[in-house]
1. Can you tell me which condition Ser318 does not meet? The list is (1) part of a loop (DSSP other than H, G, I, E, B); (2) touching a strand residue (DSSP E or B) at 6+ places or on another chain (Cβ under 7 Å); (3) farther than 21 Å from Val268 by Cβ, and all the others hold.
2. Which residues, taken from region 117-157, are part of a loop (DSSP other than H, G, I, E, B), modelled with pLDDT of 95 or more and surrounded by 19 or more Cβ atoms within 10 Å (Cβ to Cβ)?
3. Which members of region 122-173 meet the condition of being within 17 Å of Phe185 (Cα to Cα) and β-branched (Val, Ile, Thr)?
4. Can you pull out every residue in region 75-115 that is among the small types (Gly, Ala, Ser), more than 24 Å from Pro53 (Cβ to Cβ) and open to solvent by 10 Å² or more (accessible area, probe 1.4 Å)?
5. Applying the selection to region 276-288, what residues are crowded, with 17+ Cβ neighbours inside 10 Å and in a helix (DSSP H, G or I)?
6. Tell me, which residue of region 95-116 that is part of a strand (DSSP E or B) and without any contact (Cβ under 8 Å) to a residue 60 or more places away in the chain is farthest from Gln131 (Cα to Cα)?
7. How many residues, within region 38-66, are more than 20 Å from the chain's Cα centre (by Cα) and either over 23 Å from Lys404 (Cβ atoms) or part of a loop (DSSP other than H, G, I, E, B) (or both)?
8. What about Glu330, is it free of Cβ contacts under 8 Å to residues at least 40 places away in the same chain, over 12 Å from Pro53 (Cα atoms) and not aromatic (Phe, Trp, Tyr)?
Amino acid sequence: MTDVWFAGGMVADGSGTDPVEVDVCVSGGIVTAIGQAPSGSTTVDLDGMLLTPGLIDAHVHLGISSPIRRQFGFELSAAELAAGIFATAGDALDAGFTTVRDVGGIDGGVVDVIASGKVRGPRVLSCGPVQCQTGGHGYYGAAWEPTELWNMHHIPGLCALSLMSGNADELRRNVRESFRRGATFLKLCVTGGVVGGHDRLTDTQFTVEEISVAVEEAASRGTYVTVHAHNNAGIRNAVRAGVRCVEHGTDIDAETAQLMREHDVALVPTFAVVEQLTDTESMDLDPAIRERAAGVRQRMARALAASRAAGLRIGLGSDLIGPHQKRRGEELRLRAELESPMHALVSATSVNADILGIGKTVGTIRVGMQADMVAWQQDPLRDAKVFADPDMAALVVKSGNIVKGDVR
């Protein structure tokens, strides 16, 4: 194994400390030293660029990478769906994201082919199909279609949007099925959503007892449950049931934030998708979705402030859907407007890694960590719009391998 020094740049290590002028040595995919490159060593010249940890998106939907209405209407071939998924995976890598957590839409085969290197993409952690209440958020079948036919729309190994449960026993069976198919954590929908088929944002879904079944099954495998949740009633049910993370959290108030803090429940806000959904025409969505999205960004911003004040761990997720997922870093730009570029970077690196349970291997640039890194043509800590532009990610390194960029 040859030592390679990434030299001549500034390093923001993902911890929140100010960038420093230092060189990083990588060997065998691991950061082995941080300091000054010895004379005569093999180096990659960063030419003054800022080096950060590889970004982590804690809320992605690789499996929803095609025109929405055609995909949810089951009008697309498996080939077209696969092409969209794999193109989106490559786009994520090129935007500087070396790890993503897929929270519903792909089946285990997608994770496997990316991990094998047959398809370019980031490291993928997946829940497999989302766990949904019968007729709840995550179900997009026609009202006339018998519920039991929904699973026939899955494409094994590729697409599996959701599994529906009508009671605790059905949920237990479905989460066990998800683990059998390769899930490494679970996601439940415990409220309605913005892109809903048969639900409203104010709906609560699954009881505390039902959610607890999923938590029990996850704990028996050493993993966790995260929940899609917008309203406080659904969030509190999930927290009391023992979940570890809340996605979206649109209406979190001070009381709910404090309850989450007491139970060490993290939050992953998702601002980029709200921006995306305001343009329903280009997104090929029902215009009524725009009405659902109205006001969500402002409420989510208030929830972010309440959560920060309560001392929650706050990660970062884009939740982008459809074929327009190239600007995944837009989430960091939006978060930087509400907090700061450094807050956004830390949430997208060390905090996300901690929430995902992989903080001992990725999320920071430190000795002993996987060498996941991004060098930026311009400094995103001075101008967060740089995070949103994939072309600004001049050099992307995943597990020590340069997967994007020309180097000297």
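The values are calculated or read from the model by the stated rules, or taken from the named source; none is laboratory data. None of these values were measured; they are calculated from a predicted model. Positions of Cβ are generated from backbone atoms using ideal geometry, with glycine treated the same way; all protein chains shown enter the neighbour counts. With ligands, DNA and RNA removed, areas are computed over all heavy atoms of the protein, side chains included. Shrake-Rupley method; radii C 1.70, N 1.55, O 1.52, S 1.80 Å.
1. Going through the list (1) part of a loop (DSSP other than H, G, I, E, B); (2) touching a strand residue (DSSP E or B) at 6+ places or on another chain (Cβ under 7 Å); (3) farther than 21 Å from Val268 by Cβ, Ser318 breaks only (3).
2. Answer for region 117-157, where residues must be part of a loop (DSSP other than H, G, I, E, B), modelled with pLDDT of 95 or more and surrounded by 19 or more Cβ atoms within 10 Å (Cβ to Cβ): Gly121, Pro122, Cys127, Gly128, Pro129.
3. Scanning region 122-173 gives Val124, Val130.
4. Ser77, Ala78, Ala79, Ala82, Ala83, Gly84, Ala87, Gly108, Gly109
5. Residues of region 276-288 that are crowded, with 17+ Cβ neighbours inside 10 Å, as a first pass: 276-277, 280, 283, 285.
Selection gives Gln276, Leu277, Thr280, Met283.
6. Val100
7. 9
8. In short, no.
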